[in-house]
Each structure stands twice: as structure tokens, then as C-alpha cells.
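The values are calculated or read from the model by the stated rules, or taken from the named source; none is laboratory data. These numbers were taken from a predicted model, which means no experiment stands behind them. Here Cβ is always computed from backbone atoms with ideal geometry, including for glycine, and neighbour counts include all displayed protein chains.
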Amino acid sequence: MAKADTPLFQRLLRAAAVIGVLLLCWQVAIWFFRPPGFLLPAPAKVGHVFISQPGHIGRNALTTIGEMLLGLVIGGAAGMAIAIVLARSPLMERYLLPVVVTTQTLPVFAIAPVLVIWFGLGIGSKIVMASLIIFFPVASALYDGLRRTPQTWLDLAESWGATRRQVFWRIRFPGALPSLVTGLKLAAVIAPIGAVVGEWAGAAGGLGFVMLQANARTQMDVVFAALIVLAVCAFVLRYLVSRLGDRLIWWAIHAEN
């Protein structure tokens, strides 16, 4: 049991060491440059926000986490569906791929106000924004993985008389799972961007709303506290996606055996 827990303990130890070094550099910068508090608050002042306002930060963090998770699920599912359609249909690939790429050229800050008008100030517009940002990395990664199936695998399946459907679901899709997991890891990191941008455009709660209100009052300690919570959420979400993705790949390999 001790051996199994060692890698996790080492990762936590390394993370704690990195955080400690960053906090030390932050505090040294405060001592050396002496910036005003409305530009760069001291670590102790930011830490005091978590002590004095745990309910306020916690409630809004739960709102943003819910938006991130729903956006990841919906955006990831949409990205997988698009990638499968593109990979299985040359006709759809020819006409739909340019549309998918074009949607990613639109600035998210320009789309956010429109989505708020369409879907309201509630959680709906934030989920849509997060889904739009997330679906392209997932679609791109899975589509690339499906296109890069080794030709020897396809030739072997053809020699065995496998149908096109069998080739896709038993060879091409399982072979593309590592690419899919990579896309999901990237999506987990950028999921907070969609949620927070949507909250900046208009919201009644969430960490983006907290940051916007605190920035208007020059409460930079609250802004930094919200940023720290966002960073932790992104790190934990990526870790969970990575673990689930590794399990998915392991299951796919052993299911075929």
C-alpha cells in the first residue's frame, strides 16, 4: 500500500514545494518593490480573504465549477460527435470542417454578450460559452487521432473481412483514444476561461462575477483569491480527466483482449 501511495505523495510534495517557492517570490517582490495594495496585494492579505469570506468565495466557486463541469461534458460530447462525423463521412468533412474551423476564429469576448442576450444571465449562457471553447480542442484531437490510424492495422482488418463499421469502432476509435484524452486534458485547463468570460459579460454569481465586482472596488486581494481558486479548480479538473482518461484507455485495451 505504501508503494502505491508513493507517487501521489511525491506529486503532492512537489506541488507544495512549487507553491512555497511561488509564495516566497511573491512576498520578496512585495518587500523589494513595495507596490500599493491595489496593484499587488501581499500573500497574507489574499490569505485573509479565504478566512474572512469563506462563504462568499465558496458559493461563487461552486457556481463556476458547475459551469465548468457541464461545459466540459457538453462541449466534449459535441466535439466527439463532430470528429466522428468528419472522420466517417468525406462529404461532411469537405463541407463541415471549414465551418467548424471558422467558429474558432470568432473572439470569445465578442460572442459572450450575444450569448447572454440569447440565453440570459443565468447558468445557460456560461455553459454554452464553456462548451464552445471546449468542443474544438476535443474535436480536433479526436479527428486527428482517427485520421492517423496505422495503415497496417487497416490492411489487417480488411484481410480478415471486417466491415467498415467494425473497422471504425474496433480499430480506429480505440486507436484514437490517446488523442481524445489529450484533447480532454487541454479542454479541462481552458474550461474556466469559457465560464469566467461568460460571467464577465453578465452574471449574478460565479468567480468571474466576484472578480469583476472586486476589481471595480480595487479589492485586488479578492481578485487574487478568486484567481487562485480558479487555478486550483483547473488543476484538479485536469487531474481527474487525466485519471479517467487513463482508465478509459486501459479498459479499451483489455476489453479487446
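From the list A162, A201, exactly one residue is farther than 28 Å from A78 by Cβ and at pLDDT below 85. Which is it?
A162
Which ones in the range 188-227 are touching a Gly at 6+ places or on another chain (Cβ under 7 Å) and more than 28 Å from V241 (Cβ to Cβ)?
Answer for the range 188-227, where residues must be touching a Gly at 6+ places or on another chain (Cβ under 7 Å) and more than 28 Å from V241 (Cβ to Cβ): just M220.
Scan the range 192-242 for residues that are more than 14 Å from the chain's Cα centre (by Cα), among the charged types (D, E, K, R) and in a helix (DSSP H, G or I) and report the count.
2
Scan (1) over 27 Å from L244 (Cα atoms); (2) part of a helix (DSSP H, G or I) for the single condition T63 breaks and write down its number.
It fails just one condition, (1).
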